[in-house]
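The values are calculated or read from the model by the stated rules, or taken from the named source; none is laboratory data. Computed from a predicted model, the values in this text were never measured in an experiment. Heads up, the Cβs are rebuilt from the backbone with ideal geometry, glycines too, and the neighbour counts pull from every protein chain shown. All accessible areas refer to the heavy atoms of the entire protein, side chains included, with ligands and DNA or RNA removed. Shrake-Rupley method; radii C 1.70, N 1.55, O 1.52, S 1.80 Å.
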Amino acid sequence: MRSVFDPTSRCLAKKYLTPSCLKALEHLKTDTGFNLEMAIASGIKNPDSHIGLYAGDSQSYTVFSRLFDPVIQDYHGISADQVHHDDLSPVDLPNPDPEGRFILSTRVRVARSLGAFNFPCHIRSDERKRLETTIVQSLSRLDNDLCGTYISMEQNDLQDISRLKKDGLIFEKGDRFQAAAGMNRDFPKSRGVFCSNDRKFRVWVNEEDHLRIISVEPSSDLSGVFNRLVRGISRLQDTMEFAENPRYGNLNSCPTNIGTAMRAGVHIRLKGLEIYPDTLNRIADDHDLQIRGTRGEKTAVNDAVFDISNRRRLGLSETDIVTRLFSGIRELITAEKSKLKN
Ligand code: ARG
């Protein structure tokens, strides 16, 4: 293999790609032809990667397990023999911000991929198109409050696209990490967003994963948002077969997005805590929460609005994740109130 990691890189792929691991994996390929060089391409190109590794298909997780396993154990904090258990039953948690003073919106999403198709960094144009057709057919069967329309991003009505962008309904072309992995190929062809009529249930098609199934609303009703997502996943599962393996549950492009592949979070304004980052970070760490910028991953914080969500997606169930998010947010709100008083 020709590529080597930058000496400054501290990504997990570099950490675990020891000389013996490299020797064992460098000549391997999955049945669809995905190899190690492709899997670490983004980490090599981006020395500031945290993970630096993507799967090109569901088989990547087993063929390259000597590298994926330790990366997954390190990121998710699981032991080598831990097995994923899901629990997508509805929850009934109190509202974490009943007066609506801090939380601006609540969003829970899962990533899902179809095992029969290559993952976005390895998929080619015609296969991506077939995949889009399959997904759109399945989405068209949703009913009641989940019923909605599919908006193709290929359509050349630029005015429409810019309006949808302004409303935050469509996704952008992938960042440099995704680009280096090959995920932006042919963008925006065969990409699109399904949006329920009330806009609270959305599905991104062919972004970083085949599907990003999202439940979102401008409120702090965590249980309601989660329970809507649970219904949506279950309906889509009736008509599509998602990639999974017994050990890691749901499989997707990035090793951070496996297991539950769920990110549950809130946009929350913390004007008091913003100037006490140590307190903010300690509470987040205690509850295994990740703090992102206002506009998501690797963005800045504007007007003290933080995007706070679970960090781990594997090693705990979906209901565990929302329950822990709930207690983390409650503690943040208590701390915020006391900082505002001082
Ligand atoms: N590949 C990037 C890195 O290693 C992103 C990892 C997690 N984020 C994601 N959207 N998959 O830092």
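Descriptive notes on the structure:
- All positions within the range 307-341 that are open to solvent by 30 Å² or more (accessible area, probe 1.4 Å), assigned to a loop (DSSP other than H, G, I, E, B) and free of Cβ contacts under 8 Å to residues at least 60 places away in the same chain: Arg311
- Of the strands (runs of 3 or more DSSP E) lying entirely inside the range 110-224, the ones with 3 or more residues being surrounded by fewer than 19 Cβ atoms within 10 Å (Cβ to Cβ) and more than 17 Å from the chain's Cα centre (by Cα) are found at 148-152.
- Picking from residues in the range 225-255 that are of a type in the set (Ser, Thr, Tyr) and more than 16 Å from the ligand (Cβ to nearest atom), the one that is surrounded by the fewest Cβ atoms within 10 Å (Cβ to Cβ) is Ser234.
- Residue in the range 294-306 that is farther than 30 Å from Ser65 by Cβ and buried (at least 21 other Cβ atoms within 10 Å of the Cβ) present: yes
- Test: residue in the range 165-175 that is away from the ligand (no atom under 16 Å from the Cβ) and at pLDDT 95 or above: no
- Top-ranked residue in the range 5-20 [being more than 16 Å from the ligand (Cβ to nearest atom) and assigned to a loop (DSSP other than H, G, I, E, B); ranked as surrounded by the most Cβ atoms within 10 Å (Cβ to Cβ)]: Thr18
- Boolean, Lys29 is over 23 Å from the mean Cα position of the chain (by Cα) and of a type in the set (Lys, Arg): yes
- Flag for Lys23 being open to solvent by 60 Å² or more (accessible area, probe 1.4 Å), out of contact with any Cys (no Cβ under 9 Å at 6 or more places or on another chain), away from the ligand (no atom under 16 Å from the Cβ) and more than 14 Å from Ala180 (Cβ to Cβ): yes
- Lone unmet requirement of (1) within 23 Å of Ser327 (Cα to Cα); (2) among the β-branched types (Val, Ile, Thr); (3) at pLDDT below 95 for Thr299: (1)
- Positions within the range 58-71 being open to solvent by less than 10 Å² (accessible area, probe 1.4 Å) and either within 18 Å of His210 (Cα to Cα) or within 15 Å of the ligand (Cβ to nearest atom) (or both), in sequence order: Ser60, Tyr61, Leu67, Phe68, Val71
- The residues of the range 256-276 that are away from the ligand (no atom under 16 Å from the Cβ) and touching a strand residue (DSSP E or B) at 6+ places or on another chain (Cβ under 9 Å), listed by number, are Val266, His267, Ile268, Arg269, Leu270, Leu273, Glu274.
- Count of the range 26-51 residues which are open to solvent by less than 20 Å² (accessible area, probe 1.4 Å), more than 10 Å from the ligand (Cβ to nearest atom) and out of contact with any Ser or Thr (no Cβ under 8 Å at 6 or more places or on another chain): 1
- Only helices (runs of 4 or more DSSP H) whose full extent lies in the range 36-99 are considered here, and the ones with at least 1 residues that are among the charged types (D, E, K, R) and in contact (Cβ under 8 Å) with a residue 60 or more places away in the chain are 36-45, 65-76.
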